Structure formats: structure tokens, C-alpha cells
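Since the structure comes first, as C-alpha cells, the remarks are kept for the end.
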Amino acid sequence: MNETTLTDDQKNVENPVNLTVNTVRDRAIIYLDQVQVGTMNRLKANTTISLNINRTVQNLSILIENQGRINFEDFIEDRKGIFDQVILGNKILSPWKMTAYTLNDTSWISSIKSVENINSVKLPAFYKTQFTLPVNYTKCLDTYLDTSCWTKDVVFLNNVNLGRYWPLGGPQVTLYVPAPFLKPSPYVNTLVILELEGTSQDLSVKFVDKPILGGPIMT
């Protein structure tokens, strides 16, 4: 996450005003005071969005998502992040505070204080739940996690990265869960979801016995 506090001079613009980041790798989500106001995408080369800035706005944040590495031709060294000035109107924004989130291990999430009022959560956010398989399930079997009611990012089961989900990007909607990733009763399984843009209405997820691979394909 890249964050900067807007000065009075930087906010002295005529609305709507363009926010420009000429080089984004790979996808950027833009927030004003923790409210999402737009996205930029390397694939679509949309590096400018229109914003409305008022005097009450304090912070502008940009979350950069690494969507995988290109490993051929001119992109063999495919670094990630923001590689140019961030410009609001004709004003260069600075200084920036940068925070990296480690996703190859989720054990550190247990050190974060949980939020009791779920309605107060502002995305992006980590969602954690625990479950125990029924006692009569003496043997764990392969299954699939259905992400169709969630929007976008990554799931961890028992500290193992199951993969990324993006049902609207398609066509894959489910994530494969091999049997060895599950713990039989009475052991407790822990599921962690990093959601960037929108949760299911009741925050539920479900395991299904067949993959869903026929979702829409984003163009």
C-alpha cells in the first residue's frame, strides 16, 4: 500500500481532476480516505482516472497488486510497483509511505486485533474463520472452494495458499482443495481470505464437489 497525505495546495484543484500514474505493474486500486474511487490496470493501459477532490479529503492511497510475472522478450525482468511520478492535475504528489504485505505466510495475521463490528470493516481486509469437519468424516477427500459470491484476491487454508480468485475475470470460479490440505476431526481448520473489493453478503463460503470452470471471461 502506498499512502500520501494531501496538502492544501495539492487539493487546490478544479474538479474533476485527473490522477495519472504512467507506469503501473500490474493493477492499482485508488482510495480517498480509505474509500475506493477507481482502478488502473496495466493490461488495459488505463493509467489516468478522474477524481473529485474536496477540502475535507486527507489521504490518497494506492494499493498495487502483483498479478504474475511476464518471463519473455522485453519483459524478462518484470518488476512490480509504481515506476513513475504520481500526478494530481499538474502537481507531483509526495512524500509516500509504503507498506508491503507478506502473502507467502499468513501466521502473522493472528497478531492483528480482530474487528467485532463487521459493518465497520473497510476493504481491503483479511477475513478469518475456523471449522471442524464432521466426526463421521474419517477420511478427507479432494474438494473445491466456491468463491462465486466474493470479488477478488487470494485464499489460504491452514496457512497454504490455495490460489487467487476473480470470478468476474473468469473462467475459473472454484479453487482446488487437495485432501491433504484439510485436517480431519477433531482438528481445527483455518481459512483466511484476503478480499480487495467486495465480500459475499453474509460472509459465507462453501465447499463443493465439482469445479466451476465456466464463469465469464473479462475482456
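The values are calculated or read from the model by the stated rules, or taken from the named source; none is laboratory data. A quick note: this is a predicted structure, and the numbers were derived from the prediction, not measured. Note: ideal-geometry Cβ built from the backbone for every residue, glycine included; neighbour counts use all protein chains shown. Surface accessibility is based on the protein's heavy atoms, side chains included, excluding ligands, DNA and RNA. Shrake-Rupley method; radii C 1.70, N 1.55, O 1.52, S 1.80 Å.
Of note:
- Linear extension gain, Thr5 paired with Ile70, 0.36 nm per residue minus alpha-carbon span: 20.1 nm
- Positive-pole candidate from Gln130, Leu191, Phe181, dipole of the stretch 127-219, charges at beta carbon: Phe181
- Charging the Cβ of each Asp and Glu at -1 and of each Lys and Arg at +1, and nothing else, the dipole of the stretch 1-134 about its Cα centre rounds to 240 debye.
- Per residue solvent-accessible surface (Å²) - the stretch 92-217, probe of 1.4 Å: 63 Å²
- Computed lengthening from Asn59 to Val121, 0.36 nm per intervening residue step minus Cα-Cα distance: 20.6 nm
- Applying a DSSP loop filter and a limit of 14 other Cβ atoms within 10 Å to the trypsin sites (Lys or Arg not before Pro) in the stretch 122-166 leaves Lys122, Lys139.
- Ordering 191-197, 41-47, 173-179, 109-115 by mean Cβ neighbour count within 10 Å, with the highest value first, yields 191-197, 173-179, 41-47, 109-115.
- Cα shape, the stretch 71-130, gyration tensor, a/c 1.5 rule: oblate
- Ordering Thr20, Gln34, Asn46 by Cα displacement along the dipole of the stretch 1-67 toward the positive end leaves Asn46 in first place; charges were set at the Cβ atoms of Lys, Arg (+1) and Asp, Glu (-1).
- At most 16 other Cβ within 10 Å, DSSP loop - chymotrypsin sites (Phe, Trp or Tyr not before Pro), the stretch 1-102: Phe72, Phe83, Trp96, Tyr101
- Whole-percent carbon and sulfur share, accessible surface of the chain, 1.4 Å: 52 percent
- Distance between modelled label sites at Leu203 and Tyr187, nm, 7 Å Cα→Cβ extension: 2.6 nm
- Residue (of Ser148, Thr106, Trp166) at the positive-pole extreme of the stretch 92-174, dipole from beta-carbon charges: Thr106
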